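Working notes for the structure below.
The values are calculated or read from the model by the stated rules, or taken from the named source; none is laboratory data. Computed from a predicted structure; not experimentally measured. Glycine gets a Cβ as well: all are built from the backbone with ideal geometry, and neighbour counts include every protein chain shown. Keep in mind that these areas ignore ligands, DNA and RNA; they rest on the heavy atoms of the full protein, side chains included. Shrake-Rupley method; radii C 1.70, N 1.55, O 1.52, S 1.80 Å.
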Amino acid sequence: MDTLTQLRSASPYLQRCTSPIGRIEVTSDGEYITSVAVEHQGMLPHDGLAYDTTAVTDEAIAQILDYFGGFRKTFTVPLLQRGTAFQVLVWNEIAAVGFGSSTTYGAIAKAVGKAGSGRAVGGAIASNPTPLLVGCHRVLSADGRVTGWSWGEGAPTKAKLLDLEKIPYVP
């Protein structure tokens, strides 16, 4: 099976939009959103593949555009997030952090029963398949600094999202 066929079979539906942080790509299995990606250095993971949308990808894009337009504070599209048990615990904890709020890597580690494992939490966050929809940009260092972000152009993109939500941080 070639790479293009593997991509199609993993997430057959694809939709993109342009946002203030760059192009965004959403994939779906037809029922759930399976990934969200933010353009990095002018590229998206599935550049070159044609759009093949479905209702759930169209709704995800509409909600993302509403978020950037200042009309949406929560996302309601169904998600299918595959990961380790630890990753899923971290992603669920992050999903509970609402618009305009923040938390720290250490607080997430403590909440999932792994106090002192902030770096492991950072690794789980870096693997979040649905950034924006699960707001991993809301996680800051213990002193409120913006640390790396795995999407877009990294910390500068994360800072733009924090600014959009008026979340205070230390640059």
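Relative contact order, whole percent, for the chain stands at 20, derived from Cα pairs under 8 Å and 6 or more residues apart. Between Gly144, Ile167, Gln87, the Cα set farthest toward the positive side of the dipole of the chain (charges on each charged residue's Cβ, about the Cα centre) is that of Gly144. Remark: spin-label model distance Ser141-Asp52 equals 4.4 nm, labels positioned 7 Å along the Cα→Cβ axis. With the convex hull constructed from alpha-carbon coordinates only, the chain shows a mean projected area of 9.7 nm² over all directions.
Share of carbon and sulfur in the accessible area of the chain stands at 55%, probe radius 1.4 Å. Think of it as helices only: each DSSP H run of n ≥ 4 in the chain is worth -39500 (n - 2.57), and spread over all residues that comes to -10000 deg cm²/dmol at 222 nm.
Label-to-label distance, Ala126 versus Ala85, with points set 7 angstrom from Cα along the beta-carbon direction: 2.4 nm.
For region 153-167, 3J(HN,Hα) computed residue by residue from phi via the Karplus equation (6.51, -1.76, 1.60; θ = phi - 60°) reads 9, x, 4, x, 5, 4, 4, 4, 5, 4, 4, 4, 8, 6, 8 Hz, glycine and proline entered as x.
Taking Gly122, Gly42, Gly100 in turn, the Gaussian network model of the chain (Cα-Cα springs below 10 Å) assigns the largest fluctuation to Gly42.
State to the nearest 20 debye the size of the charge dipole of the chain about its Cα centre, where the only charges are +1 on K and R beta carbons and -1 on D and E beta carbons.
Numbers: 14 positive and 15 negative charges, 137 e Å.
Result for the chain is approximately 660 debye, rounded to the nearest 20.
Per residue, how large is the accessible surface of region 61-171? Use a 1.4 angstrom probe and give square angstrom.
Dividing the accessible area of region 61-171 by its residue count gives 48 Å².
Taking DSSP loops as anything outside H, G, I, E and B, show the longest stretch in the chain free of trypsin sites (Lys or Arg not before Pro) there with at most 13 other beta carbons within 10 Å. Answer - 83-165. Can you tally the net charge around Ala60? Count Lys and Arg as +1, Asp and Glu as -1, for every other residue whose Cβ sits under 13 Å from the Cβ of Ala60. Once positives and negatives cancel, what remains is -4.
Across region 63-75, computed HN-Hα scalar couplings (Karplus, 6.51 cos²θ - 1.76 cosθ + 1.60, θ = phi - 60°) run 5, 5, 5, 5, 4, 5, x, x, 9, 10, 10, 9, 10 Hz from first to last residue, x flagging Gly and Pro.
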